[in-house]
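Read through the structure below, which is laid out as structure tokens, and then see the notes.
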Amino acid sequence: QEPQASGLPEYIKIVEVGPRDGLQNEKVIVPTEIKIELINQLSKAGLPAIEVTSFVSSKWVPQMADHKEVMRGIERHPGVQYPVLTPNLQGFHSAIAAGATEVSVFGAASESFSKMNINCSIEESIERFEEVTKSARNMNIPVRGYVSCALGCPYEGNVVPDKVAEVSKRLYSMGCYEISLGDTIGVGTPGSMKKMLEAVMKEIPLSALAVHCHDTYGQALANILTAMQMGVAVVDSSVAGLGGCPYARGATGNVATEDVIYMLNGLGINTGVNLCAVMEAGNFICTALNKKTNSKVAQASFSAGTI
Amino acid sequence: ATGAYPKRVKVVEVGPRDGLQNEKNLVPTPVKINLINMLSETGLQVIEATSFVSPKWVPQMADHTEVLQGITKCPGISYPVLTPNLRGFQAAVAAGAKEVSIFGAASELFTQKNINCSIEESLERFEEVMRAAREASIPVRGYVSCVLGCPYEGKISAAKVAEVSKKMYSMGCYEISLGDTIGVGTPGSMRDMLAVVMGEVPVGALAVHCHDTYGQALANILVALQMGVSVVDASVAGLGGCPYAQGASGNVATEDLVYMLNGLGIHTGVDLQKLMDTGTFICNALNRKTNSKVSQASCRL
């Protein structure tokens with residue numbers, strides 16, 4: 001396979017969000033040791049970036065209550081990034097004290113979503129994030145920015161691409177090194193992905209863009225392929241497809257890392273990730289959660305006896 | 001980089017045949033008939049109704065005559081049936097079939113294991129069907145299995161796929177449906193295979209039949225569309241598991257396909273809500289959950 005011949009990037013950086021975004025949306029509270037073991041297994045699988053936990057109040061997100069212990073307990077493999085979520089300055093300080101060396105902030109392209117999710121307007125949230133990025137800059141801590149509802153909002157429905165571009169630009173200008181565009185409810189299709197990226201690419205360099213696709217409507221891989229065809233080279237995914245959709249009960253959420261890697265391997269695109277090792281990590285966490293994997297590759301591989 | 005898409009895509013619904021054939025539970029004839037009748041109301045133009053094979057081999061399709069005679073045949077909709085040989089063809093025509101399908105493969109081992117003969121011998125059998133079909137003015141659709149991989153041989157060369165496709169097309173099949181039988185294909189292998197096949201068969205006569213066993217179906221279909229393919233097979237509710245990986249999924253769900261095509265502004269003529277309702281009906285009848293993510297998500301939003 002020659003990715004360059006088909007206009008695709010030669011290398012895709014996979015950002016593994018299972019331990020944070022994935023587990024945060026799982027009902028069963030996972031013991032700290034299990035979280036740590038999961039992250040260690042993922043580190044060994046060759047993933048270049050693993051979102052570890054979230055420094056939010058445990059009142060809001062009980063699953064992430066053990067953020068300090070997890071941060072301190074994991075193995076830190078050289079060359080692997082371990083970002084953590086920090087919704088505000090307080091969370092940021094807490095994260096740094098616990099040893100974090102990279103943080104993430106979460107904006108949204110929808111006012112309603114912003115209000116319902118973090119109880120403030122987009123503008124107010126940007127102000128909060130600016131406090132974080134200012135402190136982060138002083139300490140040389142890289143900050144990743146997320147924009148939720150990039151292809152649709154559970155409250156507002158359609159989201160205008162220019163709005164996504166506007167919020168992305170604010171986050172990028174304040175110092176986020178990368179902007180991850182999230183199809184939060186998975187309603188996007190290759191058509192809307194293309195339109196949204198065209199608008200955002202006018203404001204943000206391609207190399208600073210990532211896509212975070214949800215597979216709620218089965219569209220994730222097609223959407224990721226479309227993004228890659230446009231030059232995006234950073235893709236978020238979640239081992240075993242952990243994390244349902246809080247807006248459509250019983251429906252799936254994150255795209256499974258295994259399924260993404262399978263596609264990239266088939267395309268001859270380098271990721272540095274060992275698919276078998278990810279499947280084993282997926283098997284480990286699904287056993288701990290007492291649930292079936294959401295990864296089709298894992299399902300097929302176990303069934304065909306290739307594991 | 002993304003290329004232009006076709007303005008219209010013909011969706012070939014294979015649920016009642018390919019789907020049900022790979023479901024464990026035997027479905028009563030009235031349920032099959034109702035399924036096909038409901039599908040006829042969704043706007044689908046082609047619905048694969050049944051298979052005229054020996055019930056010894058495929059018990060699920062034992063009621064082929066009753067099904068074909070029992071369904072409401074809506075004008076403008078085609079109801080092709082599988083006919084593996086001349087005997088099946090004759091039975092199908094006697095039962096009122098107006099279109100048939102034949103199944104070849106790009107893998108010798110798969111052909112041996114599946115229908116107990118070589119590719120060459122299978123093509124000779126098909127020649128008999130083609131001749132009779134030509135005389136009766138019955139259109140024939142050709143399928144080529146294992147186009148992106150074989151459960152026994154592993155890798156399959158694109159040249160072999162092109163060779164078998166060309167033979168079937170030259171014999172008189174009006175369309176060749178290229179099947180990723182075990183769903184191992186990815187957008188790269190799909191592109192490479194199509195590039196070679198398109199050298200032998202005009203793209204207007206090509207269809208893709210993608211399995212979602214490894215979650216790659218929609219991405220593979222997207223690439224096929226980008227290369228000019230405008231006929232796509234799918235199965236309502238993603239009916240039909242994979243006989244080679246127990247518990248794994250098989251056919252791509254028609255609902256998920258139509259959702260993507262709608263989002264791309266590609267015309268299909270299919271009413272997604274009616275399609276979802278049909279999926280709900282057959283899943284209840286089969287006492288199983290849908291394999292369609294669109295259906296799963298829509299019920300709860």
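Just so you know, all these numbers are worked out from the coordinates, no wet-lab data involved. Since the model is a prediction, treat every value here as computed from it, not as a measurement. When we count neighbours, we look across all protein chains shown, and the Cβ atoms used for this are built from the backbone with ideal geometry, even at glycine.
The residues neighbouring B:CYS283, those whose beta-carbon lies less than 13 Å from its own, together hold a net charge of -1 under the Lys/Arg +1, Asp/Glu -1 convention.
A:CYS153 sits among other residues whose Cβ lies under 13 Å from its own Cβ, and their net charge, with Lys and Arg +1 and Asp and Glu -1, is -1. Approximating the spin labels as points 7 Å out from Cα along Cα→Cβ, the A:LYS169-to-A:GLU198 distance works out to 1.8 nm. Calculation over all alpha carbon pairs of the range B:127-169 in 5 angstrom steps from 0 returns a P(r) of 5, 20, 23, 18, 12, 11, 8, 2 percent.
In a reduced charge model with +1 at each Lys and Arg Cβ and -1 at each Asp and Glu Cβ, the range B:83-142 shows a dipole moment near 260 debye about its Cα centre. Take the Cα radius of gyration of the range A:23-303 and divide it by 2.2 N^0.38 Å, N being the number of residues; the result is 0.94. Relative to one another, the C-alpha centroids of the range B:100-166 and the range B:225-297 are positioned 25 Å apart. Here the dipole of the protein assembly as shown is about 480 debye; that uses its Cα centre as origin and unit charges on the Cβ of Lys and Arg (positive) and Asp and Glu (negative). Each Lys and Arg adds +1 at its Cβ and each Asp and Glu adds -1 at its Cβ; summed about the Cα centre, chain A shows a dipole of about 280 debye. Per residue, the convex hull spanned by the Cα atoms of the range A:207-307 measures out at 111 cubic angstrom. Mean projection of the Cα convex hull over all viewing directions, computed for the range A:31-133: 6.8 nm².
Estimated from the Cβ-Cβ distance and a Förster radius of 45 angstrom, the FRET efficiency linking A:TYR155 and B:THR29 is about 0.45. The alpha-carbon of B:LYS73 sits under 16 angstrom from the alpha-carbons of these lysines, leaving out residues fewer than 8 places away in its chain: B:LYS32, B:LYS98. Dipole of the range A:30-137 computed with +1 at Lys/Arg Cβ and -1 at Asp/Glu Cβ about the Cα centre; of A:ALA109, A:CYS120, A:ALA97, farthest Cα towards the positive end is A:ALA97.
Gyration tensor over the Cα atoms of the range B:1-72: the corresponding equivalent ellipsoid has semi-axes (square roots of 5 times the eigenvalues, largest first) of 28, 15, 10 Å.
Taking a point 7 Å from the Cα of A:SER112 along the Cα-to-Cβ direction, the residues of the range A:234-268 with backbone N closer than 17 Å to it are A:246-249.
Size descriptors for the range B:162-269, from the alpha-carbon set: Rg then Dmax equal 13.6, 38 Å. Of all lysines in the structure, the ones whose alpha carbon falls short of 29 Å from that of A:LYS202, not counting any fewer than 8 places away in one chain, are A:LYS13, A:LYS115, A:LYS134, A:LYS163, A:LYS169, A:LYS194, B:LYS7.
When 1/r is averaged over all different Cα pairs and the result inverted, which Kirkwood radius in Å belongs to the protein assembly as shown? The answer is 24.9 Å. If you bin all the Cα-Cα distances of chain B at 10 Å, starting from zero, the percentages per bin are 6, 30, 39, 22, 2, 0.
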